[in-house]
Amino acid sequence: AVWTITKDSTKEQKESVITIEGYIKCKNGKQVPTELVCKGVFKDEVLVGIQGVSRDIHERYESRHTLFSIIDNSPSIIFTKDLKGRYLLINKQYEKVFNVDRKELIGRTPDHLFDEKYTAIFLKEDMLVFKMNKTMEFEDIVFHNGSEHIYKTVRFPLYNTEDVITSIGCIITDITVE
């Protein structure tokens, strides 16, 4: 995080609080996940110090790790996308089924993987979930890896702490009868 305060900074900027997550290395060499909340201390409009509080957020990191382990070990395809259709999270099953690397797909839209026909369908489904503000089920037929697959797709809104939809989650199960 970069925090720049200058003599021209507004009062709100000078009074702003920043939060940084990272690791602190203990004397025993162990790294502990830590959150640092800090703000500048001013005297006569001059920055004279930084005041802050740090706390151990190990339990938060453990919870995240557990959640990501569940998502990555699911036999279903799981992903989330922002409201512009860009991937935010992709599980291992998604990588395996569609033969992609999540690092290359995060931040991109489905048109990097599927043709226009499927991309339009997926976007329409996402927007319907957003508009209706509820979980919805779809049956999608998608041709990939040399064959046609039928997927039961459950799309659902994901909310921020103010209950505003920020992204769309999706769990997909292949129901193709072979």
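In table form, for the structure just shown:
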quantity	calculated
Extension gain, LEU128 back to GLU59 (0.36 nm per residue minus Cα-Cα distance, nm)	21.2 nm
The stretch 85-178: projected area of the alpha-carbon convex hull, averaged over directions, in nm²	6.3 nm²
Acute angle (nearest 10 degrees) that the helix 58-72 long axis makes with the longest principal axis of the chain, alpha-carbon atoms	10 degrees
Answer label for Kirkwood radius over Cα pairs in Å (calculated), chosen among (1) 18.6; (2) 17.4; (3) 19.7	(3)
ASN160-THR19 FRET efficiency (beta carbon distance; Förster radius 22 Å; 0.05 resolution)	0.90
Solvent-accessible ranking of HIS112, HIS58, HIS149, largest area first, probe 1.4 Å	HIS112, HIS58, HIS149
Assigned charges on the beta-carbon of Lys, Arg, Asp, Glu; the stretch 28-143 dipole about Cα centre (debye)	260 debye
Residues with amide H under 5 Å from that of PHE79, placed H, sequence gap 5 or more	CYS170
In nm, spacing of pseudo-spin labels at ILE50 and ILE106 (7 Å Cα→C-beta vector)	2.5 nm
Long-range amide H partners of HIS149 with built H, under 5 Å	VAL142, PHE143, HIS144
Accessible surface of the stretch 1-153, 1.4 Å probe, proportion on carbon and sulfur as whole %	53 percent
Angle between the chain longest axis and helix 116-132 axis [Cα atoms, degrees, rounded to 10]	60 degrees
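The values are calculated or read from the model by the stated rules, or taken from the named source; none is laboratory data. Treat the numbers as computed from the prediction; the structure is a model and nothing was measured. Here the Cβ is made from the backbone with ideal geometry for all residues, glycine too, and neighbour counts use every protein chain on show. The area values use the complete protein model at the heavy-atom level, side chains included, leaving out ligands, DNA and RNA. Shrake-Rupley method; radii C 1.70, N 1.55, O 1.52, S 1.80 Å.
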